[in-house]
1. What number of residues within the range 106-157 satisfy the criterion of being part of a loop (DSSP other than H, G, I, E, B), touching a residue at least 24 places away in the same chain (Cβ under 8 Å) and either over 24 Å from ASP175 (Cα atoms) or among the hydroxyl-bearing types (Ser, Thr, Tyr) (or both)?
2. Those residues that are among the β-branched types (Val, Ile, Thr) and under 16 Å from HIS135 (Cα atoms), I need them from the range 1-41; list them, please.
3. Name the residue, out of ARG106, ARG124, ARG84, that is of a type in the set (Lys, Arg) and more than 15 Å from HIS10 (Cα to Cα).
4. How many of the residues in the range 132-159 are more than 15 Å from the chain's Cα centre (by Cα) and of a type in the set (Lys, Arg)?
5. Which one of the conditions (1) surrounded by fewer than 22 Cβ atoms within 10 Å (Cβ to Cβ); (2) hydrophobic (A, V, I, L, M, F, W, C); (3) in contact (Cβ under 8 Å) with a residue 24 or more places away in the chain does ALA64 fail to meet, given that it meets all the rest?
6. Kindly list the number of the only condition in (1) assigned to a helix (DSSP H, G or I); (2) touching a Pro at 6+ places or on another chain (Cβ under 7 Å); (3) of a type in the set (A, V, I, L, M, F, W, C) that fails for ALA198.
7. How many of the residues in the range 3-36 are in a loop (DSSP other than H, G, I, E, B) and over 19 Å from MET79 (Cα atoms)?
Amino acid sequence: MKVGLISDVHGNLPALETVLSDLPDVDALVNAGDVVGYNPWPAACVEAMATPGESAAVPEDLAAAANAAWEGSGVPTVMGNHDRAVIEGGEERFNDMAQAGVRYARTDLEAAHRDWLSDRPDERRLFDGRLKVVHGHPDDPDHYTMPGEFGPDLLADEDVLVMGHTHVQHHEVYDEGVVLNPGSVGQPRDHDPRAAYAVVDLEELTVEEHRVEYDIERVQAAVEEAGLPAGIGSRLDAGR
């Protein structure tokens, strides 16, 4: 079974559309959190995850697979820290750009979007427990687990641990299993501006890391039009 893995979309619809179109054939899609924040399409990105069969962002074949696998409940997604801030508050801890993105998302999201976000758990175990998804760290959803912290000690009884939050694409394969971060779809921070995602084979326990170019200028223009801080768009050119 091959599973597509995405994380940290952060309201970047052009990047999400490109990644979903670029995905090879997979049996399912999983999201490690932070659907919203920063960029100016939070509602459209939530719709793509919550109702893939009804979203123009999701190719028909992938939407059909998602709806078949998850009985129409959308793409399995965990709660990210920006998702949580939109629902619960607390964005005062964030920098100015992140605060602006959270507040913009609150104005863009409708009640159904907020309800879907608020129902996201901090952890999901999928495929008979073989794959575990968290946002930051298995013991702390807000901890930035950088590649230097990867190790087999992060694994419990799952074969694959998926984390997001750092926006840094990386994976390691150990005798005990796989630890990986698919990278960020909407705001990479590993000095590669291309949108990131990954595919894991649960039978072979192998990982394919992918990067794909998307229309960054479209995002930058939309950031300006929405009145969001210019840095949200300009940082995308450098992947930081």
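1. 8
2. ILE6, VAL9, VAL30, VAL35, VAL36
3. On the way: ARG106 fails: more than 15 Å from HIS10 (Cα to Cα); ARG84 fails: more than 15 Å from HIS10 (Cα to Cα).
Going through ARG106, ARG124, ARG84 in turn, just one is of a type in the set (Lys, Arg) and more than 15 Å from HIS10 (Cα to Cα): ARG124.
4. Within the range 132-159, residues that are more than 15 Å from the chain's Cα centre (by Cα) and of a type in the set (Lys, Arg) number 0.
5. Every condition holds for ALA64 apart from (3).
6. If we test ALA198 against (1) assigned to a helix (DSSP H, G or I); (2) touching a Pro at 6+ places or on another chain (Cβ under 7 Å); (3) of a type in the set (A, V, I, L, M, F, W, C), just (1) comes out false.
7. Taking the range 3-36 and keeping what is in a loop (DSSP other than H, G, I, E, B), we get 7-12, 23-27, 32-36.
Adding the requirement that they be over 19 Å from MET79 (Cα atoms) leaves 23-27.
Qualifying residue count for the region: 5.
Here's the yes/no breakdown for (1) without any contact (Cβ under 8 Å) to a residue 60 or more places away in the chain; (2) of a type outside the set (S, T, N, Q); (3) touching a helix residue (DSSP H, G or I) at 6+ places or on another chain (Cβ under 6 Å); (4) loosely packed, with under 14 Cβ neighbours inside 10 Å:
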site	(1), (2), (3), (4)
HIS165	no, yes, no, no
GLU172	yes, yes, no, no
VAL179	yes, yes, yes, no
LEU205	yes, yes, no, no
VAL219	no, yes, yes, no
ILE232	no, yes, yes, no
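Each reported figure results from applying straightforward, stated rules to the coordinates on display, with no laboratory input. Keep in mind it's a predicted model, so treat the numbers as computed, not measured. Neighbour counts are summed over all protein chains in view; Cβ atoms, including those assigned to glycine, are modelled from backbone coordinates with ideal geometry.
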